[in-house]
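The values are calculated or read from the model by the stated rules, or taken from the named source; none is laboratory data. The model shown is predicted, which means the values in this text are computed figures rather than measured ones. With ideal geometry, Cβ positions are generated from the backbone for all residues, glycine too; neighbour counts draw on all protein chains shown. Quick note on the areas: whole protein, heavy atoms, side chains included, nothing else; ligands and nucleic acids left out. Shrake-Rupley method; radii C 1.70, N 1.55, O 1.52, S 1.80 Å.
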Amino acid sequence: MSVARAIQGAGAGFTIPSALALLTTTYPLGPERTFALSMFGGAACIGQTIGVLLGGVFDATIGWYWIFFVTAIISASLSVAGFFIISKVNDNPASADRRIDFFGVFLFMLGVVAVVFYLSESNTAGWGSAETLAPFIIGLASLATFVWWELRVEYPIMPFRIWKSRRFTSSVVVIICVTATYNTMIFYTSLTFQNVLHYTPINTALTYIVHGVGLVIGLYTVTRLFKYIRTKFIMGIGWVFIIASSIIFAQIVPTSTYWQLAFPAFIINCLGLSPTWMCCQVNAVADAKDEDQGVVGAIFNVAMQLGGPLGLAISTIMSQSKTPTGAEGEALMGGYSAAFYTYGVIGGVGLILALILASNQDPAEFSSEVLKKSEDLAVDVEAIGSSEIVEIKGQATSSLYSSSSNAPTVTEDEKN
């Protein structure tokens, strides 16, 4: 099982950063890229919702293991389709140094896998068990060696210049808290629905439809706010909603109905998760050069993967401390409530980190003033006769670039 999960993670490591890099190098920083990233996030939400629904349907009919067969079929189909659909316009091997830091890749992969294994398995094997502690120590040593190696190799897999961006650094840190709360919520709501409220697997799957749809709508809506409100403020409001949803989930009792507490909690969670997730994703890639987009996406994806097991590890410790030995059914709710409160506390940590680390200024391309000038210039060009459009376009473009260069920017000192 662990080997299969590792291979699955490797697949995600190849596909997600590559897809993110394709988007960010195709669309320039601004409204187009923001919209593309919102669609990217929306597709992930749709996939997650469909996966949960299929899992419930398969478990109630032909068997839960069929979800793996279906995943394999879909993955194979997309792999073949990718050769014909994905554009090769940027595939120019002669444009850059194509050497690969295989040793750095090995060190980083070993370190991350070992740390995630420790966080995932220590709940059952024990935090001080040799079975989990030994891999954890190896993982830390591997990551330390990776840092040492990357500082010396001529073609690092992770150039440390990317960490000079305050937007990227804060996004990586905050997204760990975001996925920690998200995975904890999904895991413990499913346990609550089945073990306490006694829902069937398919009914449990159906409860998440509102959350998946809400995230898609929320991600699209948030992108409309960027030109009016700073992303740091949007993230702060989002964290407040996430914390509020944890408190509502913790109030569930065996006599509660889905519509009384779980449904409004899912809605409120969507109002928080959409803006925090989207702000992190947009800011993570905002300052990166085209040649760094792939590695930035990869590190951001690793941070998302680390948040899940970290959140579950912490919440499980708190849940077990409040669960009586041998408890079943309704008696489990005390531990589940503790887990919900725990993800609320993690949300509080995320809020504090966002307020401290996030940049106080967004890129000029997010500015409503720059966007308005762009729209006004487009109107002016349209109003001129067709014989003068080419000349005016050149003047408009020059004027827009000039206004963008005069927009407030963040100096390196402010970033640090």
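Data table
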item	result
Percent carbon-and-sulfur accessible area, the stretch 104-249, ignoring ligands, DNA and RNA, probe 1.4 Å	73 percent
Ellipsoid equivalent to the stretch 236-333 - semi-axes via the Cα gyration tensor, in Å	34, 19, 9
R0 of 56 Å, Cβ-Cβ distance V105-S256: FRET efficiency to nearest 0.05	0.70
In sequence order, calculated HN-Hα J values of the stretch 294-300 (Karplus, 6.51, -1.76, 1.60; Hz; x Gly/Pro)	x, 5, 4, x, 5, 5, 4
Percent of C-alpha pairs per 5 Å bin, the stretch 198-245, short to long	5, 16, 18, 22, 15, 10, 7, 5, 3, 0
For the stretch 23-29, Karplus couplings with θ = phi - 60° (6.51, -1.76, 1.60), whole Hz, Gly/Pro x	5, 6, 8, 7, 10, x, 4
Three principal axis lengths of the stretch 109-182 [C-alpha, angstrom, descending]	39, 31, 14
Å² per residue, accessible surface of the stretch 221-317 at 1.4 Å	37 Å²
Student exercise, the stretch 74-219 dipole from Lys, Arg, Asp, Glu Cβ charges, in Debye to nearest 20	480 debye
Charge context of V222, other residues only, Cβ under 15 angstrom, K/R +1, D/E -1	+4
³J(HN,Hα), Karplus 6.51/-1.76/1.60, whole Hz, each residue of the stretch 110-122, x for Gly, Pro	4, x, 5, 4, 5, 5, 5, 4, 4, 5, 7, 9, 5
Whole-angstrom gap from the stretch 291-363 to the stretch 115-176, using each part's C-alpha centre	17 Å
For I267, solvent-accessible area (1.4 Å; no DNA, RNA or ligand), Å²	60 Å²
The stretch 164-237, Rg to Rh (Cα coordinates; Rh as Kirkwood inverse mean 1/r)	1.10
For the stretch 103-218, accessible area per residue (1.4 Å probe, heavy atoms of protein chains only), Å²	45 Å²
Dimensions in Å of the stretch 100-249 - Rg and Dmax from alpha carbons	20.3, 58
